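The structure appears right after this line, and notes come after that.
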Amino acid sequence: MQDASSASVRVLTSADTEAYRSVRLQALYEQPPAFGSLPEVEPNLSETAAKLAKSNDRCFFGAFQGEQLIGIIRISRYEAPNEKHRAYIAGLYVLPSFRCQGYGKALVREALRWAAIASGIRRVNLTVVTQQEMAIRLYQSFGFHVYGTEQETFSRDGQFYDEYLMTLELNSDNDHSVYQKGQLNDC
Ligand SMILES: CC(C)(COP(=O)(O)OP(=O)(O)OC[C@H]1O[C@@H](n2cnc3c(N)ncnc32)[C@H](O)[C@@H]1OP(=O)(O)O)[C@@H](O)C(=O)NCCC(=O)NCCS
């Protein structure tokens, strides 16, 4: 499998709002669902632009093929003052025709680099629909492990979906050199 160079992944800004929102909406229509959120409650363009604005507590990354945005991910620090040592990854998505070329891995790698460099983050969490086997394998390859299952997290078209809770301890003894402190895109 080709490994997309991290040079094709960069931090998204408000200038990427329309492209980001378009990819995000495609993600929410994915079948079987990868996300509990629904397209009709997705933030509008100006709300999305505000989310993409520079922040010390979250970062959106995009994978590009040429000028085209083809994959997205975000990482956010928890908000409560006593939870700021934790961050969570969400919204990982690569357009179907660009999968299996290393873009998903490159996106997760950049998100984890951001966490490794951000001050005081010790742990990264995420949730993933139990049917999304490719995503689960990808996360496991970075050292994430399942620590629980949340049952019937959301329903879609009369079917209920469970999610695995996954966690990764940064700076543990595991070999996670892929995200050790290094060059980070400006965020
Ligand atoms: C999960 C997802 C982002 C992966 O994106 P991708 O660009 O295809 O991923 P990559 O090409 O970087 O592959 C990552 C891993 O997936 C697996 N994988 C990729 N291509 C594969 C193939 N042809 N056959 C089997 N496994 C494959 C491998 O484990 C690979 O890791 P490896 O290189 O160490 O073998 C993509 O499938 C997707 O958008 N899925 C729907 C949304 C989703 O589930 N998001 C997660 C929400 S929590």
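The values are calculated or read from the model by the stated rules, or taken from the named source; none is laboratory data. Computed from a predicted model, the values in this text were never measured in an experiment. Methodologically, a virtual Cβ is constructed for each residue, glycine included, from the backbone with ideal geometry; neighbour enumeration extends over all protein chains shown.
Annotations
- Among residues of region 7-33 that are in contact (Cβ under 8 Å) with a residue 24 or more places away in the chain and closer than 17 Å to C59 by Cα, those with a Cβ under 8 angstrom from a residue that is assigned to a helix (DSSP H, G or I) and hydroxyl-bearing (S, T, Y), sequence gap 6+ or separate chain, pair up as S8/Y103; V9/Y103; L12/Y20; T17/T48; Y20/T48; R21/T48; R24/T48.
- Considering residues of region 78-97 that are aliphatic (A, V, I, L, M) and near the ligand (Cβ under 8 Å from one of its atoms) only, the residue farthest from Q140 (Cα to Cα): L95
- Members of region 123-151 found to be among the basic types (K, R) and surrounded by 13 or more Cβ atoms within 10 Å (Cβ to Cβ), listed by number: R123
- Filtered by the rule that a residue be more than 14 Å from R74 (Cβ to Cβ), charged (D, E, K, R) and at pLDDT 95 or above, region 1-39 gives a lone residue, E18.
- Residue match in region 47-59 (condition: part of a strand (DSSP E or B), more than 8 Å from the ligand (Cβ to nearest atom) and surrounded by 18 or more Cβ atoms within 10 Å (Cβ to Cβ)): yes
- Residues in region 41-59 include none that are modelled with pLDDT of 95 or more and under 22 Å from F98 (Cα atoms).
- Y78 closer than 26 Å to V129 by Cβ, within 14 Å of the chain's Cα centre (by Cα) and not hydrophobic (A, V, I, L, M, F, W, C): no
- Members of region 66-111 that are aromatic (F, W, Y) and free of Cβ contacts under 8 Å to residues at least 40 places away in the same chain: Y78, Y88, F98
- Selection within region 59-110 - touching a Lys or Arg at 6+ places or on another chain (Cβ under 7 Å) and hydroxyl-bearing (S, T, Y): S76, Y78
- Under the condition of being small (G, A, S) and buried (at least 23 other Cβ atoms within 10 Å of the Cβ), the residues counted in region 74-103 number 1.
- When residues of region 98-132 are limited to those that are more than 30 Å from Q159 (Cα to Cα) and among the charged types (D, E, K, R), the one farthest from the ligand (Cβ to nearest atom): R122
- Test result for F142, closer than 20 Å to S8 by Cβ, within 16 Å of the ligand (Cβ to nearest atom), within 14 Å of the chain's Cα centre (by Cα) and of a type outside the set (K, R): yes
- Within region 22-46, the residues that satisfy the criterion of being assigned to a loop (DSSP other than H, G, I, E, B), among the polar types (S, T, N, Q) and touching a helix residue (DSSP H, G or I) at 6+ places or on another chain (Cβ under 9 Å) are S37, N44.
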